[in-house]
Amino acid sequence: MQIEVFKSKIHRAKVTQAELHYVGSITLDEHLMEASGIIENEKVQIVNVNNGERFETYVIKGEKGSGTVCLNGPAARRVQVGDIIIVVSYGIMDYEEAKTFKPKIVFPDKNNRLA
């Protein structure tokens, strides 16, 4: 049996931009992506701590070291610059493998940088 499990997350990143007139997605600093194991074009869930919004989109790679967390397209209406969000990814794996799988969790600082 295959099940969907929590794979990784970027916990409490600050939204740096919201660009309504864009095709769509979330642009993330490549450092955050690498540390969390999230890859470009991966489907992610966004949880907005400030307003409770939850929605799905896909990831675009942002400039490494920039601290960029930008919601694009319609998703830009679900956040304000400065909001704190959680970016969650999930994976599908074998039931037995899922029992021992350890997700990656990244805790960026107030500037979306890693310690």
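Any read-out appearing in this document is the output of simple, stated calculations on the displayed coordinates, not a laboratory observation. Please read these numbers as outputs of a predicted model, since none were measured by experiment. Quick reminder, even Gly has a Cβ in these numbers, built from the backbone with ideal geometry, and neighbours come from all protein chains shown.
Here are a few things to note about the model shown:
- According to the calculation over all Cα-Cα pairs in the chain, the P(r) per 5 Å bin from zero is 2, 13, 23, 25, 18, 9, 6, 3, 0 %.
- Simple spin-label estimate for I3 and E63 gives 4.3 nm between the two label positions (7 Å along the Cα-to-Cβ direction from each Cα).
- Helical contribution to [θ] at 222 nm, DSSP H n ≥ 4, -39,500 (n - 2.57), averaged over the chain, rounded to 500: -2500 deg cm²/dmol
- For region 69-86, Karplus couplings with θ = phi - 60° (6.51, -1.76, 1.60), whole Hz, Gly/Pro x: 9, 10, 8, 10, x, x, 4, 4, 6, 9, 9, 10, 4, x, 4, 9, 10, 10
- Alpha-carbon Debye profile of region 1-66, log10 I(q)/I(0) at 0.24 Å⁻¹: -1.26
- Paramagnetic reach from N51 in region 1-39 [backbone N under 19 Å; point 7 Å along Cα→Cβ]: 12-27
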